[in-house]
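Below is one structure; the comments refer to it alone.
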Amino acid sequence: MSNPATESLDRLVDRHPAVSPERLIAQLTPPPTFDGASFDSYRPDPSQPTQAAAVTACTAFCEQALVRRAGRRKLFGKREVLPGVGIYLDGGFGVGKTHLLASIYRRITDSGSGRGAAEAPGTAFATFMELTQLAGVFGFTECIELLGGYTVVCIDEFELDDPGNTTLVSRLLSELVARGVSIAATSNTLPDQLGEGRFAVQDFLREIHALASIFNPVRVDGPDYRHRDLPPAPEPPSTQEIARRAAARPGATLDDFDGLCEHLATMHPSRYLTLIEGVAAVFLTDAHPIDDQNVALRLVALTDRLYDAGIPVVASGAKLDQIFSAEMMAGGYRKKYLRATSRLLALSSGG
């Protein structure tokens, strides 16, 4: 029997967003959760000296990037373009790498305050997937022209599990560095690889071999801050409780888990940010472990957008740390699933 109170609630599956190229460009900024991020607001853990050292390294990178963008003065007032520099922040989940990356964005952006618009150094911030989407929308050459005038391009969650995308981005970055653009990137080392020879750094430098010489790998150690002082995943509410809480929260959406997963397949992940625009909280019914890789990867992409926007997630059914099966956690996309699980648990605490 249908419930008129829940039928009137907004559903994500009823939304069919479109994203213009102009919107994609406008989205090249840090997530809203990092609007106030700066080096001053970053709080290094005293027991993890690599965190304070990372702040120093990022500050030095900003200074070098500005010098490189300015170029070397030649005769008759002309300037010679200097190749960009690079920094690679390597560490586990939730150690503040994105905060540091957003701080780089803010420092470079603020350095242009008080100058003319034409002189202000530009900074772009995107996840690895957003950068590949940008290249897909504009084309390789157009994307280079679009980003070639920036001082720094920040890439969060650099991914190495898709050879085609990795090769594309490596070529793109090579062209940008040659034009004086500096690159700041982050990635995650899997928990069981921490302290084991910095495998993630080696993988990263091997895959972007043409650029390896410009990158300064910087280690950021520490526990996942998202889970500090948090209990394990709570027991999920009942479906009736989910509906009641969704109805009581203005701006909330209420969707069946399978229905939402099917809806995500109808659109490109570049639309997911627009899909959740204006949403205060996402409520899901009958969540369960996923055994389809494509479905799981789409859910990862949505989770990243929800986390970036700070939108709480509450689900009935399976616990949110059981959505990705043990087989998937042991597969090639393990890093993505662990990150998504970490973020889902953090978002569930705000629901």
*Which condition number in (1) buried (at least 18 other Cβ atoms within 10 Å of the Cβ); (2) without any contact (Cβ under 8 Å) to a residue 12 or more places away in the chain is the one that GLN51 fails?*
(2)
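Within the group LEU131, LEU168, LEU172, which residue is at pLDDT 90 or above, crowded, with 16+ Cβ neighbours inside 10 Å and assigned to a helix (DSSP H, G or I)?
Within the list LEU131, LEU168, LEU172, the selection yields LEU172.
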*Which residue pairs have Cβ atoms under 8 Å apart, sit 6 or more places apart or on different chains, and have a first residue in the range 293-312 that is within 18 Å of MET329 (Cα to Cα) and a second that is open to solvent by 20 Å² or more (accessible area, probe 1.4 Å) and aromatic (Phe, Trp, Tyr)?*
GLN293/TYR333; ALA296/TYR333; LEU297/TYR333; VAL300/TYR333
*May I ask you to say which residue of GLY259, GLY222, GLY310, GLY251 is at negative phi and open to solvent by less than 70 Å² (accessible area, probe 1.4 Å)?*
GLY259
*List every residue pair whose Cβ atoms lie under 6 Å apart, where the two residues are 6 or more positions apart in sequence or sit on different chains, the first residue falls within the range 322-347 and is closer than 18 Å to PRO236 by Cα, and the second residue, located anywhere, is surrounded by fewer than 19 Cβ atoms within 10 Å (Cβ to Cβ) and among the hydrophobic types (A, V, I, L, M, F, W, C).*
LEU345/ALA233
*Name the helices (runs of 4 or more DSSP H) wholly within the range 255-351 that hold at least 1 residues that are within 17 Å of the chain's Cα centre (by Cα) and of a type in the set (A, V, I, L, M, F, W, C)?*
272-275, 293-309, 334-348
*Only one of LEU260, LEU302 that is closer than 28 Å to PHE34 by Cα and touching a Lys or Arg at 6+ places or on another chain (Cβ under 9 Å)*: LEU260
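The values are calculated or read from the model by the stated rules, or taken from the named source; none is laboratory data. Here the structure is a predicted model, which means the values were calculated and not measured. Here Cβ is always computed from backbone atoms with ideal geometry, including for glycine, and neighbour counts include all displayed protein chains. Ligands, DNA and RNA are stripped out before the accessible areas are found, and what is left, the full protein with its side chains, is counted by its heavy atoms. Shrake-Rupley method; radii C 1.70, N 1.55, O 1.52, S 1.80 Å.
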